[in-house]
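Remarks on the structure that follows.
No value in this document is a laboratory result; all are computed from the given coordinates. Bear in mind that the values here come from a model prediction, so they are computed numbers and not experimental data. Cβ: placed from backbone, ideal geometry, glycine included. Neighbour counts: every protein chain shown.
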């Protein structure tokens, strides 16, 4: 009977955590994977992997960091296990933005640019800039030294700048910015 009570207590504690933090966890997952359905799957998988270990998390204040780490590890597993079923084509389909608002366009462009980063770089950028974690918190969450986080972030931001400039100016492979060498309105 005491074992059932302990299990019920663990389940209630975990359920309370999930209810309180599910929106934040989904936002974190949404930044790790571009598809909203995949983000929900990522959170669900992370929750399923965390529940059996819930009692081992002594400081429940660190539960978010633990969950982020599980989501990052799960995302990395999925990425490694993916099958590349893309078929090269000469002509790419036109990308369209459903609602046309500038904010959504910027967000889509940024998420597209994030996709060119290596998984470790993307993880560091997401934790530092979207989750607004400190360098030390990011290092702890990813199991890296603070120096590695800083250098990885530096390289990732430089790569993002290159990608955003390339896509924003629409001049893939040219060295001229808009307005240079052309009539500006």
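Quick one: if you stick a label point 7 Å off each Cα along the C-beta vector at residue 164 and residue 40, how many nm between them?
3.0 nm
Once you treat every alpha carbon in the range 1-82 as an equal point and sum by Debye, what is log10 I(q)/I(0) at q = 0.13 Å⁻¹?
-0.42
How long is the gain from residue 78 to residue 157 if the chain were fully straight, where each residue apart is worth 0.36 nm and the alpha carbon distance is subtracted?
26.0 nm
State, to one decimal in nm, how far the label point of residue 145 lies from the label point of residue 109, with both points 7 Å from Cα in the Cβ direction.
Simple spin-label model gives 3.7 nm for this pair.
Suppose the chain between residue 26 and residue 55 were pulled fully straight at 0.36 nm per residue; how much longer would it get relative to their current alpha carbon spacing?
8.2 nm
Which of the peptides 109-115, 48-54 is most tightly packed, and how do the rest follow, going by the mean number of other Cβ atoms within 10 Å of each residue?
Values: 109-115: 15.1, 48-54: 13.6.
Going from most to least packed, we get 109-115, 48-54.
Can you tell me the order of 11-19, 36-44 when each peptide is scored by its average per-residue count of other Cβ atoms within 10 angstrom, highest first?
Packing order, densest peptide first, comes out as 36-44, 11-19.
What FRET efficiency would be calculated for the residue pair residue 62, residue 91, taking the C-beta separation as r and a Förster radius of 35 Å, to the nearest 0.05?
0.10
Considering Cα pairs under 8 angstrom that are at least six residues apart, work out the relative contact order of the range 1-82 and quote it in whole percent.
Result for the range 1-82 is 31 percent.
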